[in-house]
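A short worksheet on the structure shown next.
Derivation of every value follows stated rules applied to the coordinates shown; laboratory data play no part. Predicted, not measured: the structure shown is a model, and the values here were computed from it. Note that we place each Cβ from the backbone using ideal geometry, even for glycine, and neighbour counts take in every protein chain shown.
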Amino acid sequence: MKDAIKIAAELMALSARTAPKAAGQDFIEIKIIEGDDLAKLGEEMAAYGEKTGKKNYDRDGRNVENSDAVLLIALKDAKKAGLNCGACGCPECAKLPDFSEGPEFAGPMCAWRVIDLGIAVGSAVKTASILNVDNRIMYRIGVAARKMGLIQGELVVGIPLSATGKNIYFDRK
């Protein structure tokens with residue numbers, strides 16, 4: 001099954017890469033995590049949750065450790081879309097401040113670039129669904145992966161992948 005999951009992860013990465021993006025500009029970074037890095041990522045997630053007192057990092061970390069792969073998708077160096085739409089909270093794109101480091105991610109960001117990330121993630125999980133690969137979009141994976149330097153970007157999302165008799169990402173304790 002691990003070979004099939006690797007192929008599925010690559011097809012998911014393809015879906016994320018080719019997903020539509022505002023003004024046709026691509027600021028999406030993609031990386032597949034496998035093997036020993038899964039255990040390291042899961043351990044880091046649990047340690048981060050304990051250090052910060054945030055719930056469910058240990059639970060999600062165990063999910064990562066029991067996965068065959070994790071697809072990471074990030075926004076990296078995303079430029080403002082230049083629409084002056086105000087969706088970010090600023091009346092003009094030029095008034096949106098540059099990135100500053102937050103506790104888990106960097107921001108603020110152009111709302112259209114965040115939508116680009118969402119469309120890329122949605123395209124990837126659609127592909128996983130078509131291939132019958134169990135998955136779940138996880139914010140907590142992105143936090144730990146970014147802190148570990150597994151992927152570069154200001155905002156990161158992780159999608160763990162598994163193929164077992166029951167989806168390990170739901171009905172969790």
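Brief remarks on what is shown
- Unit charges on C-beta of K, R, D, E only; dipole of the chain, Debye: 400
- Label zone (residue 99, point 7 Å along Cα-to-C-beta; backbone nitrogen cut-off 20 Å) within region 20-49: 21-33.
- For region 1-87, alpha-carbon Rg over 2.2 N^0.38 Å: 1.38
- Estimated from the Cβ-Cβ distance and a Förster radius of 45 angstrom, the FRET efficiency linking residue 7 and residue 90 is about 0.60.
- Cα shape, region 2-162, gyration tensor, a/c 1.5 rule: oblate
- Computed over region 68-173, the Cα gyration tensor eigenvalues convert (square root of 5λ each) into semi-axes of 30, 15, 10 Å, ordered from largest to smallest.
- Calculated FRET efficiency, residue 40 to residue 139, Cβ-Cβ distance, R0 = 25 Å: about 0.85 to the nearest 0.05.
- Packing-based order for 146-152, 47-53, using average beta carbon neighbours within 10 Å, highest first: 146-152, 47-53
- Region 123-172, relative contact order in percent, only Cα pairs under 8 angstrom and at least six apart counted: 41
- Relative contact order [Cα under 8 Å, 6+ residues apart], region 2-162, whole percent: 32
- Peptides ranked, highest mean first, by Cβ atoms within 10 Å: ranges 61-71, 12-22, 97-107: 61-71, 12-22, 97-107
- Calculated mean residue ellipticity at 222 nm for the chain: -13500 deg cm²/dmol, from DSSP H runs with n ≥ 4 weighted as -39500 (n - 2.57), summed, divided by the residue count and rounded to 500.
- Close lysine pairs were tallied over region 25-139: pairs 8 or more places apart or on different chains with Cα atoms under 26 Å apart number 16.
- With 0.36 nm allotted per residue and the present C-alpha distance subtracted, the residue 52-residue 170 stretch has 40.1 nm of extension available.
- Counted as membrane-span-like here are DSSP H helices of the chain whose alpha-carbon atoms extend 18 Å or more along the helix's own axis and whose Kyte-Doolittle mean is -0.5 or above; these are 2-18, 111-130.
- Here the contact order of region 25-71, divided by its residue count and restricted to Cα pairs under 8 Å and six or more residues apart, works out to 46 percent.
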